[in-house]
Amino acid sequence: MGKDKKKKKEETESTSDSGPDDVTPPPSKKAKPNTSGSKSEEEPSWLLEKNRFVKVREYRGTVYIDIREYYDSDGDLKPGKKGISLTTFQWQKLKKIISEVDDAIKERC
């Protein structure tokens, strides 16, 4: 009896080695076409210092104020990880408290 159980186990294991036959491969990722041309021509930007810029950008239909450090990649400036993107609401709020921030800076300097 022990031999019969062993044979059945071997048969079931050997049939599953190839995996399921109906597995479809994941869809391949396609690069998004650049239909609008160069973004830097469309985005208003201001240089703060060296490679730091303030830009007004649109992402997924929402306008952001992007304060970011850029890096040089083969002659092109590309946005880096260091920075912040503010919504227009956050930008308006920041503008309202600028004088308070200035006062706090004066106290510390």
**Request:** Please state which one of ASP4, ASP17 is open to solvent by 80 Å² or more (accessible area, probe 1.4 Å), modelled with pLDDT under 95 and in a helix (DSSP H, G or I).
**Result:** ASP4
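Condition first: touching a strand residue (DSSP E or B) at 6+ places or on another chain (Cβ under 9 Å), open to solvent by less than 60 Å² (accessible area, probe 1.4 Å), free of Cβ contacts under 8 Å to residues at least 24 places away in the same chain and not acidic (Asp, Glu). Now tell me which residues in region 65-78 satisfy that. Walk me through it before giving the result.
Keep residues of region 65-78 that are touching a strand residue (DSSP E or B) at 6+ places or on another chain (Cβ under 9 Å), which gives 65-72, 77-78.
Filter again for open to solvent by less than 60 Å² (accessible area, probe 1.4 Å), leaving 65-70.
Add one more test, that the residue is free of Cβ contacts under 8 Å to residues at least 24 places away in the same chain, and what stays is 66-70.
If the condition is that a residue be touching a strand residue (DSSP E or B) at 6+ places or on another chain (Cβ under 9 Å), open to solvent by less than 60 Å² (accessible area, probe 1.4 Å), free of Cβ contacts under 8 Å to residues at least 24 places away in the same chain and not acidic (Asp, Glu), then ILE67, ARG68, TYR70 are the ones that fit.
Are any residues in region 81-96 farther than 20 Å from GLU42 by Cβ and surrounded by 11 or more Cβ atoms within 10 Å (Cβ to Cβ), and if so, which ones? Even if it seems obvious, please write down each step before you answer.
Here is the first cut: in region 81-96, the residues farther than 20 Å from GLU42 by Cβ are 81-82, 84, 89-90, 92-96.
Result: LYS82, GLN90, GLN92, LYS93, LEU94.
Determine which member of the set GLU58, GLU100 is open to solvent by 60 Å² or more (accessible area, probe 1.4 Å) and not in a strand (DSSP E or B). Talk me through it step by step, then tell me what you get.
On the way: GLU58 fails: not in a strand (DSSP E or B).
Every option except GLU100 fails the conditions.
The values are calculated or read from the model by the stated rules, or taken from the named source; none is laboratory data. Computed from a prediction, not measured in an experiment: that's the story for all the values here. Neighbour counts run over all protein chains shown; Cβ positions are idealised from the backbone, glycine included. Side chains included, ligands, DNA and RNA excluded: accessible areas come from the protein's heavy atoms. Shrake-Rupley method; radii C 1.70, N 1.55, O 1.52, S 1.80 Å.
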